[in-house]
Amino acid sequence: MEALIQELKEKIIETINLEGVVPDDIEIDEQLVGGELGIDSIDVLELVLMLERDYAVVVKDRELGAKVFASLRSMAEYIQEHSPRAKG
């Protein structure tokens, strides 16, 4: 799962254009939405599209989204459980 975590850190930074943020700045259990990174609901929509495109997973509703985007760990676990493309 470590490779997936690192990949997600890079994709999050790239997808929502987090300026001045490097992968090591994102803690695995840090709150993503509304946390120190400043990720908001518009950013979440971009991340949902990235998950669909890159991992073939769907976040169907807001309730599921709240769980998936709670932290980097929860996002990685969701991908591992639901993606045919998940890596390590």
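Taking H placed 1.01 Å from N in the peptide plane, check which residues at least 5 places from ILE39 or on another chain put their amide H under 5 Å from its amide H.
GLY34
In whole Å, what are the Cα extents of the chain along the three principal axes, biggest one first?
Taking the Cα atoms of the chain, the three principal extents are 32, 27, 21 Å.
So, in nm, how far is label ASP40 from label GLU77 when the simple model puts each one 7 Å beyond its Cα toward the Cβ?
2.9
Can you give the FRET efficiency to the nearest 0.05 for GLU63 and VAL22, using r as the Cβ-Cβ distance and R₀ = 35 Å?
0.65
What value, in deg cm²/dmol to 500, does the helix sum -39500 (n - 2.57) over DSSP H runs of n ≥ 4 give at 222 nm once divided by the residues of the chain?
It comes out at -16500 deg cm²/dmol, rounded to the nearest 500.
Between ALA56 and GLU2, take the C-beta separation as r, use R0 = 25 Å, and let me know the FRET efficiency to the nearest 0.05.
On the way: r = 21 Å, r/R0 = 0.84.
The calculated FRET efficiency here is 0.75.
All of the numbers you see were taken from the coordinates with simple rules; none came from a lab. On a predicted model such as this, the values are computed, not experimentally measured, just so you know. No Cβ is skipped: glycine too gets one built from the backbone with ideal geometry, and neighbour counts run over all protein chains shown.
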